[in-house]
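Read through the structure below, which is laid out as structure tokens, and then see the notes.
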Number of protein chains: 2
Amino acid sequence: MPDSRSGRYSIGALAEATDTKVETVRYYERVGLLPKPGRTTGNYRAYTGDHLARLSFIRRARDLGFTLDQIRALLGLADHKDNDCCTVDAMARDHLGDIDRKISDLKALRRELNDLLGQCQRGTIADCRIIGALSPVAK
Amino acid sequence: MPDSRSGRYSIGALAEATDTKVETVRYYERVGLLPKPGRTTGNYRAYTGDHLARLSFIRRARDLGFTLDQIRALLGLADHKDNDCCTVDAMARDHLGDIDRKISDLKALRRELNDLLGQCQRGTIADCRIIGALSPVAK
DNA sequence: CTGCACCTTGTAGTCACTACAGAGTCAAGC
DNA sequence: GCTTGACTCTGTAGTGACTACAAGGTGCAG
């Protein structure tokens, strides 16, 4: 929770409010995703509500699987409120395509691994079908 | 293709045969997944059929999404042919569970992103639903 | 003998963090 | 005022699984 007098957050408070590790908050600052906050007399970072908003955006987008580069782009777009939002839409659409590809890859993988598992006869490694299926044709 | 006289492969030939980059083959050697091969007079690596078999195993397991640590374990098990294969089975089963979790996570993500996309009105960023959905409640 | 493809080692970069070490700050309790 | 403990600071290095590059050596065809 923010210091009631100044409305400012310590790094720990900001981290907790956004379910982020303190180190990660500093990391976002280092790579330029989160603007450098002011400092207290003791050189502690003092964040504002704007920082909280921005960090929440970043975390939410990360949860949705956007990369930090994509988020940088989204933040850039979000800062120009009079642009039209087709670019944002296109980015989300691209991302959706990526996710669809990943899902179908994983499903194929699942099928294959499951087939392998169905063949386990609980014998010795020498006739283990899983090891066999992973091994090359013959050597 | 192997040198016809010795049945040995250069690193490039091994890489090509297993659809692996040369650097990756050297990387597997460095991290102890692939045994160090013999060398030619000119200090080139000279691989045998055993190396080819082992690298094929590694690549196939990687394709199936096993981590290098898991592959290390599988290779260790595969080397003791009289062990029973329940351990292998359990590893594959665990891995299948991981994959199922990933698939359902991605599906949830997909739903969420798709809902967001359905709301695009092609207006300005100021009323973009995607940006809005990513942004925190109010600041 | 010249060119070129291939190989060698070593090092550093990628992504998105995460984990430390060693020091400083701050507030509460005694 | 002093101690304790939680918090914060900077800087550096580690993770996984590669990937890229530099600067040099090797091997072979023309």
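Across the copies of the chain, B:R62 has label points (7 Å from Cα along Cα→Cβ) spaced 2.8 nm apart, shortest distance listed first. Close amide H partners of A:A46, meaning residues 5 or more places away or on another chain with modelled amide H under 5 Å apart, are A:G38, A:R39, A:T40. Shielding value for A:47-53 is 2, the average number of Cβ atoms from other chains within 10 Å of each residue's Cβ. Comment: the Cα-to-Cβ extended label point of B:G118, at 7 Å, lies 3.4 nm from its counterparts in the other copies, nearest first. With 18 Å as the limit on Cα-Cα distance, the pairs of A:K102/B:K102; A:K102/B:K107; A:K21/A:K102; A:K102/B:K21 that go past it are A:K21/A:K102; A:K102/B:K21.
Think of the axis that spins chain A onto B; the A residue whose C-beta lies nearest it, and the distance in whole Å, is A:I103, 3.
What separates the Cα centres of the range B:45-72 and the range A:23-68 is a distance of 41 Å.
Couplings 3J(HN,Hα) for the range A:41-56, derived from phi with the Karplus relation 6.51 cos²θ - 1.76 cosθ + 1.60 (θ = phi - 60°), are 4, x, 6, 7, 5, 10, 8, 9, x, 4, 4, 4, 4, 5, 5, 4 Hz, where x marks Gly and Pro.
Peptide A:36-46 has a mean of 0 when you count, residue by residue, the C-beta atoms of other protein chains within 10 Å of its C-beta. Taken residue by residue and averaged, Cβ atoms of other chains lying within 10 Å of the Cβ of A:86-93 number 5. Around the Cα centre of the range B:1-81, unit charges on the Cβ atoms of Lys, Arg, Asp and Glu (plus for the first two, minus for the last two) sum to a dipole of about 180 debye.
Each reported figure results from applying straightforward, stated rules to the coordinates on display, with no laboratory input. Note that the structure is a prediction, hence the values are computed from the model and not measured. In this analysis, Cβ positions are derived from the backbone assuming ideal geometry, glycine residues included, and neighbour counts consider all displayed protein chains.
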